[in-house]
Amino acid sequence: MGKTLAEKILTAKSKTDAKAGDIVIANVDLAFVQDTTGPLTVRQFKESGFRKIAEPERTVIFLDHAAPSAARQLSNDHVLLRRFAKETGCYIYEVGDGVCHQLVAEHFAKPGDIIVGSDSHTVTAGALGAFATGMGSSDVAVALALGKTWFRVPETFFINLRGTFSKGVYAKDLILYLIGQMGADGATYKALEFGGEALAHITMSQRLTIANMAVEAGAKVGLFPSDEVTQGFLTTQGRSDSYRPLYPDADAHYERVISLNIAELEPMVSLPLTVDNVFPVGKAKGIIIQQVFIGTCTNGRLEDLAVAASILQDKKRFPDTRLLVAPASRQVLTQAIDNGYIRALVEAGATILPPGCAACLGLHQGVLGDGEVCLSTANRNFRGRMGNPEATIYLASSATAAASAIRGEITDPREAM
Amino acid sequence: MSDITLKGKAIKLGDNISTDLIIPGRYAHLRSNLPELAKHALEDADPTFVSRVKPGDFLVAGENFGLGSSREHAPVVIKMVGISAILARSVARIFFRNAINQGVPVLLCDTDKISDGDKLEINLTDGIVTNLTSGAKLSCGKVPPLMSAILEEGGLIPYIQKYKDFVIASKAKQS
């Protein structure tokens, strides 16, 4: 019996014949924490009696969730993490460098890696063929100390994609559609593996969007095979030596196969209060919005800012609708400046936030008021997610977000293109 | 392992209780002050939760409990307010592992057969929940032996302090 991507990676890293359902111990290629889960990780690491990190050059701290800090206590958490980085010799990315998952994709992840992070959207690096998954602080603390962790080898759902996206339809619409089909717990404990002829036309930016939201269907990982797109991305990032071929066996066993012609997809929107509450954008058309948020590990990349800038070029946001834009990393920001996207967005009335998580999780930089509605390109619309349980959140692509900012209501982006 | 039996009252919540509902991001500034953080446990899902939970009570939920963020603070605050076990129809993956790592048993069973306030007895050894109020007996799925061993030690940190490493499968002590 052949192996899925998940089984192949876990076989190589555990040095066992890993099959779905097995429990394996595997070496970790990269372990990371961020600033809202890192302090607990550090305390647990110390409480366990550990002093040294197993692989400091494979360990990273990211200050991105509260960045810059909005409160004294969060500033003190940053102090704790900076001190830990000095003590242990691990990497640290500072306030303004960007969202952890984008930085992992730009600088660290490679095909066949095992990556654990104390953040649920660690799955993002699956776009590069890394078995990347979110864990809690205890698990990451132990992974830091031992350089390894345990996994239950997941069963795999194969998502077989063909066709090319229609005008106005993007990777976000695809993954929202799939989550709507599977349900928010439809892939719990499973691996999602993406494949099919459509992949040749799905860019790394789009793959990162898709893998990022695998966890919103409950999945443990969202994996792509490596190919020319992977190789091209790594080369652009100056990491061509990180490339290696990675693909599933032709006779791999999949628990479920979902086939989809992506040409048939429409722009989608996820309605409150769960991510799987997905409909074509027409269902939410006309809903008045007070805030639009473009950014995050889901949709804060250069391609997202490019499409938003193209829609908002020489236009203005609706006067009663705030438009917040947070590039996912410093690299994205500088490229967006060079390409003129930032000027177009600012002239359209956008507020540019520093690279980081920004308004996504309700800490700062765009907390909603009572009764307010936000259209966000992020990945969660749970009650209270953006800092106020009396506010509501809709999720969509950056194109839908940009088109909606112009009208002040949820809008089909095809009407603005 | 000798039989471990827990007794307590059910506090019933609904489906899709996210970690944002268990402990909202807006309280992230309290994450290094856990006793203060715990005062806000589940307040957006059930504002009466903290005031009515008694030490030893069980948190009983529906589908996909603990979905969302990997914040381990979610099971930490649930434990701190006195919950001794979590019962749900289904539990999100990261939360499941985090709760076990905090030494909080998580049992998957048909929680439709449990009402708010019911008295329950849980036999952790054979995974049977008895609803002492209704008389119903519910059987729960087994967790992998490694997770049982972590739970037995009271969580991942005490487990690692004891064993210094993961001990699995053939090497795991059979008890």
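Nothing in this text is a laboratory measurement; each read-out follows from the coordinates by a stated rule. Only a predicted model underlies this, so the values are computations on that prediction, with no experimental measurement involved. Virtual Cβ from ideal backbone geometry, glycine too; neighbours counted across all protein chains shown.
Table for the structure above
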| read-out | value |
| --- | --- |
| Most mobile of A:340, A:356, A:98 in a GNM of chain A (Cα contacts under 10 Å) | A:340 |
| Rounded FRET efficiency, nearest 0.05, which uses the C-beta distance separating residue A:52 from residue B:134 and R0 of 60 Å | 0.65 |
| Pairs from A:46/B:162; A:220/B:119; B:54/B:164; A:52/A:190; A:110/B:164; A:13/B:162 whose Cα-Cα separation, in the structure shown, is over 23 Å | A:220/B:119; B:54/B:164; A:52/A:190; A:110/B:164; A:13/B:162 |
| Order of B:80, A:386, B:147, A:268 - criterion: other Cβ atoms within 10 Å of each residue's Cβ, fewest first | B:80, B:147, A:268, A:386 |
| Residues of type aspartates and glutamates that residue A:15 reaches as a straight line, Cα spacing below 16 Å, ignoring anything fewer than 8 places off in the same chain | A:7, A:29, A:113 |
| Among A:334, A:230, A:203: highest mean-square fluctuation, GNM of chain A, C-alpha pairs under 10 Å | A:334 |
| Stretchable slack from residue B:152 to residue B:6, in nm (0.36 nm times residue separation minus alpha-carbon distance) | 51.2 nm |
| 11 Å cut-off, amide nitrogen to a point 7 angstrom out along residue B:36 Cα→Cβ, residues in the stretch A:69-90 | A:72-74 |
| Relative exposure of B:20, A:22, A:119, judged by other C-beta atoms within 10 Å (fewest first) | A:22, B:20, A:119 |
| In sequence order, calculated HN-Hα J values of the stretch A:69-86 (Karplus, 6.51, -1.76, 1.60; Hz; x Gly/Pro) | 4, 9, 7, 3, 5, 5, 4, 5, 5, 5, 4, 4, 5, 4, 5, 5, 4, 5 |
| Three-way shape call for chain A based on the alpha-carbon gyration tensor, with the a/c threshold at 1.5 | oblate |
| Distance in nm between pseudo-label sites at residue A:279 and residue B:125 (7 Å out along the Cβ direction from Cα) | 5.4 |
| Net charge of Cβ neighbours under 10 Å - reference residue A:58; Lys, Arg +1; Asp, Glu -1 | -4 |
| Dipole of the protein assembly as shown, positive end: most advanced residue of A:404, A:69, B:56 [Cβ charges, Cα centre] | B:56 |
| Distance from the stretch A:38-62 to the stretch A:283-334 (C-alpha centre basis), Å | 36 |
| Distant-in-sequence amide H partners of residue A:93 (H built 1.01 Å from N, under 5 Å) | A:61, A:62, A:63 |
| Gap separating the Cα centres of the stretch A:386-408 and the stretch A:20-35, nearest whole Å | 34 |
| Cross-link partners of residue A:167 among lysines (Cα-Cα below 21 Å; sequence separation of 8 or more within a chain) | A:283, A:285, A:315 |
| For B:154-161, mean number of other protein chain Cβ atoms within 10 Å | 5 |
| Separation between Cα centres of the stretch B:93-161 and the stretch B:1-48, rounded to whole Å | 16 |
| Rg to Rh quotient for chain B, alpha carbon positions, Kirkwood Rh | 0.96 |
| Residue order, fewest to most surrounding Cβ atoms within 10 angstrom, among A:374, A:297 | A:374, A:297 |
| Within the stretch A:9-262, percent of DSSP bridges classed antiparallel, to nearest 5 | 15 |
| Stretchable slack from residue A:414 to residue A:253, in nm (0.36 nm times residue separation minus alpha-carbon distance) | 54.0 nm |
| Shielding score for B:95-104, defined as the mean number of other chain Cβ atoms within 10 Å | 3 |
| Cα gyration tensor, the stretch A:239-283 - rounded (a/c under 1.5), prolate or oblate | prolate |
| Gyration tensor verdict on the stretch A:290-417 (Cα atoms; rounded if a/c is under 1.5, prolate if a/b is larger than b/c, oblate otherwise) | oblate |
| Top of A:345, A:74, A:361 by mean-square fluctuation, Gaussian network on chain A, Cα under 10 Å | A:74 |
